[in-house]
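The values are calculated or read from the model by the stated rules, or taken from the named source; none is laboratory data. It should be emphasised that the depicted structure is a prediction, and the values quoted were computed from it without experimental measurement. Positions of Cβ are backbone-derived with ideal geometry, glycine not excepted, and every protein chain shown enters the neighbour counts.
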Amino acid sequence: MVYAGRCYDLKDFAKYMKDRSKRNSALNDLFDSVQRLLIREPFSLIKKYCERNDEESLLESQTWYPFARILRNYASHGILNPNKYKNVSFPVQWNNYILTENDLLNFDKMFPRFDDKIHFEVYDAIKVFTKNLPDIKRANTLQ
């Protein structure tokens, strides 16, 4: 599989997909891994960094932030509590994706409509944001 110029080897995964008894488990493991690697961990790390370095308002002002926060919370908890999003202006729109407040109540049913591409897009947005933080830019110029 190739996305944004990166190549991902899926040969081992393909073996499990051919075995009916292992297929569902392999799909669940793959999806969990993608969410963890591309959404949960990077989002949590950059949020902590911004909290510690007084950059929270900069992070929260990003157009992708509310969307990424909702995806991260769903990836981490498997359920969304609408009460946690009282300060979010719905609908949340980013790129070609739109989430309404009602979508939070049915997120488990509507989440599959997002193809895996969204995980890469959120990851790329986090990466670009991270590279442009003042401390990171300064450190990169010292190398």
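Being surrounded by fewer than 18 Cβ atoms within 10 Å (Cβ to Cβ) and under 16 Å from the mean Cα position of the chain (by Cα) is the filter here, so list the residues in segment 59-80 that pass it. If the condition is that a residue be surrounded by fewer than 18 Cβ atoms within 10 Å (Cβ to Cβ) and under 16 Å from the mean Cα position of the chain (by Cα), then Glu60, Gln62, Thr63, Ser76, His77, Gly78, Ile79 are the ones that fit.
Out of all the residues in segment 51-58, is one or more basic (Lys, Arg) and surrounded by 13 or more Cβ atoms within 10 Å (Cβ to Cβ)? No, every residue in segment 51-58 fails to be basic (Lys, Arg) and surrounded by 13 or more Cβ atoms within 10 Å (Cβ to Cβ). Which ones in segment 17-67 are within 22 Å of Gly78 (Cβ to Cβ) and among the hydroxyl-bearing types (Ser, Thr, Tyr)? Ser25, Ser33, Ser44, Tyr65, listed by residue number.
Kindly check whether there is at least one residue in segment 28-35 that is touching a Phe, Trp or Tyr at 6+ places or on another chain (Cβ under 9 Å), farther than 16 Å from Tyr123 by Cβ and at pLDDT below 80. Within segment 28-35, one or more residues are touching a Phe, Trp or Tyr at 6+ places or on another chain (Cβ under 9 Å), farther than 16 Å from Tyr123 by Cβ and at pLDDT below 80. Taking residues in segment 51-79 that are in a helix (DSSP H, G or I), and partners anywhere that are modelled with pLDDT of 90 or more and β-branched (Val, Ile, Thr), the pairs with Cβ atoms closer than 9 Å and at least 6 places apart or on different chains are Leu59/Ile46; Ala68/Ile126.
Listed by first and then second residue, the pairs with beta-carbon distance under 6 Å, at least 6 apart or on different chains, first residue in segment 81-108 and surrounded by 15 or more Cβ atoms within 10 Å (Cβ to Cβ), second at pLDDT below 80 and outside any helix (DSSP H, G or I), are Leu104/Leu80; Phe107/Leu80. Residues of segment 41-50 that are surrounded by 14 or more Cβ atoms within 10 Å (Cβ to Cβ) and either in a loop (DSSP other than H, G, I, E, B) or out of contact with any helix residue (DSSP H, G or I) (no Cβ under 7 Å at 6 or more places or on another chain) (or both): Glu41, Tyr49.
Looking at Lys84, is it assigned to a helix (DSSP H, G or I), basic (Lys, Arg) and at pLDDT below 75? Steps first, please.
Working: assigned to a helix (DSSP H, G or I): yes; basic (Lys, Arg): yes; at pLDDT below 75: no.
Considered against the rule, which asks whether it is assigned to a helix (DSSP H, G or I), basic (Lys, Arg) and at pLDDT below 75, Lys84 comes out as no.
Candidates are the residues of segment 87-119 that are in a helix (DSSP H, G or I) and farther than 13 Å from Phe67 by Cα; the one that is modelled with the highest pLDDT is Asn102.
Rundown of residues vs (1) among the hydrophobic types (A, V, I, L, M, F, W, C); (2) more than 16 Å from Phe31 (Cβ to Cβ); (3) at pLDDT 85 or above; (4) out of contact with any Phe, Trp or Tyr (no Cβ under 8 Å at 6 or more places or on another chain), yes/no style:
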| site | (1), (2), (3), (4) |
| --- | --- |
| Ala68 | yes, yes, yes, no |
| Tyr74 | no, no, no, no |
| Ile126 | yes, yes, yes, no |
| Thr141 | no, yes, no, yes |
